[in-house]
Amino acid sequence: MDLKQLIRSVPDFPKPGILFYDITTLLRNPAGFADTIEQLASPYLDTGIDLVVGIESRGFILGGPVAQRLGAGFVPIRKPGKLPAPAVRESYALEYGTDSLEIHKDAIERGQRVLVVDDVLATGGTARAASLLVKGLGGELVGMAFLVELVFLDGRAKLPGEPIHSVLQY
């Protein structure tokens, strides 16, 4: 299945000059959604993943079914102030300013094998923050899986040595 044909391109969103790849059109297609989950999960089927960590918010949509497919638990990484129990935070740089992600302090046990899932690898800041959170809690980062990689933004440069799997590249 050609998943790229199911993704809508929206020019000038969220600001002029940006071409946004809208995955909602893929998600509403049952066969496309199923194929997406299979392609995200398949490299990790026999690797003993304990937890899938999904990054807010589209990482939740993809990460939950990937966790189910792998027989793993699911852990959310959220924007600050969204988690109810004690959490740890990692900040990262944006084009103008900074942002942060949080994970519950007890979300990952030392040595658990973790897969991080998100919809897009762009500049790599969010993914790097997620990898640091996983490792900071003692998790073994087995891989990072993305539906879309915007290759021209070179997000991999912020993730040296990390095992990255992207289903689609633009």
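Figure the gain on full extension for I18 and S42 (residue separation times 0.36 nm, minus the Cα-Cα span) and round it to one decimal in nm.
Details: separation 24, 0.36 × 24 = 8.64 nm, distance 3.12 nm.
Stretched fully, the I18-S42 segment lengthens by 5.5 nm.
Picking from V53, V117, V148, which is most flexible by a Gaussian network model of the chain using Cα springs under 10 Å?
It is V148.
Treating the beta-carbon of each Lys and Arg as +1 and of each Asp and Glu as -1, no other charges, what is the dipole magnitude of the chain about its Cα centre, to the nearest 20 debye?
That gives a dipole near 280 debye.
Using Cβ counts within 10 Å as a stand-in for footprinting exposure, how do M1, M144 rank, fewest first? Please list the in-between numbers first.
Values: M1 14, M144 27.
So the residues, fewest neighbours to most, are M1, M144.
Among G59, F152, A93, pick out the residue whose Cα is farthest towards the positive end of the charge dipole of the stretch 1-156, where Lys and Arg carry +1 and Asp and Glu carry -1 on C-beta, about the Cα centre.
With unit charges placed on the Cβ atoms, the residue in question is A93.
How large is ³J(HN,Hα) for each residue in the stretch 145-159, as worked out from phi by the Karplus curve 6.51 cos²θ - 1.76 cosθ + 1.60 (θ = phi - 60°), to whole Hz, x for Gly and Pro?
Here the 3J(HN,Hα) series is 10, 10, 5, 10, 10, 8, 4, 5, 8, 6, x, 4, 4, 8, 10 Hz.
Given the chain, what percent of its DSSP beta bridges are antiparallel, to the nearest 5?
On the way: 13 of 35 bridges.
Approximately 35 percent, going by the DSSP bridge assignments.
Sort the chain into rounded, prolate or oblate with this rule: let a ≥ b ≥ c be the square roots of the eigenvalues of the Cα gyration tensor; rounded if a/c is under 1.5, and if a/c is not under 1.5, prolate when a/b is larger than b/c, oblate otherwise.
Details: a/c = 1.68, a/b = 1.19, b/c = 1.42.
Since a/c reaches 1.5 but b/c is at least a/b, the shape of the chain is classed as oblate.
Along the charge dipole of the stretch 1-81, which of P76, M1, F33 sits closest to the positive end, that is, farthest toward it, with unit charges on the beta carbon of Lys, Arg, Asp and Glu (+1, +1, -1, -1)?
Towards the positive end, the residue furthest out is P76.
The numbers here are math on the coordinates, done by the rules we state, and not lab data. Predicted model, so just to flag it, every value in this text is computed and none were measured. Please note: Cβ atoms are built from the backbone with ideal geometry, for glycine as well, and neighbour counts cover all protein chains shown.
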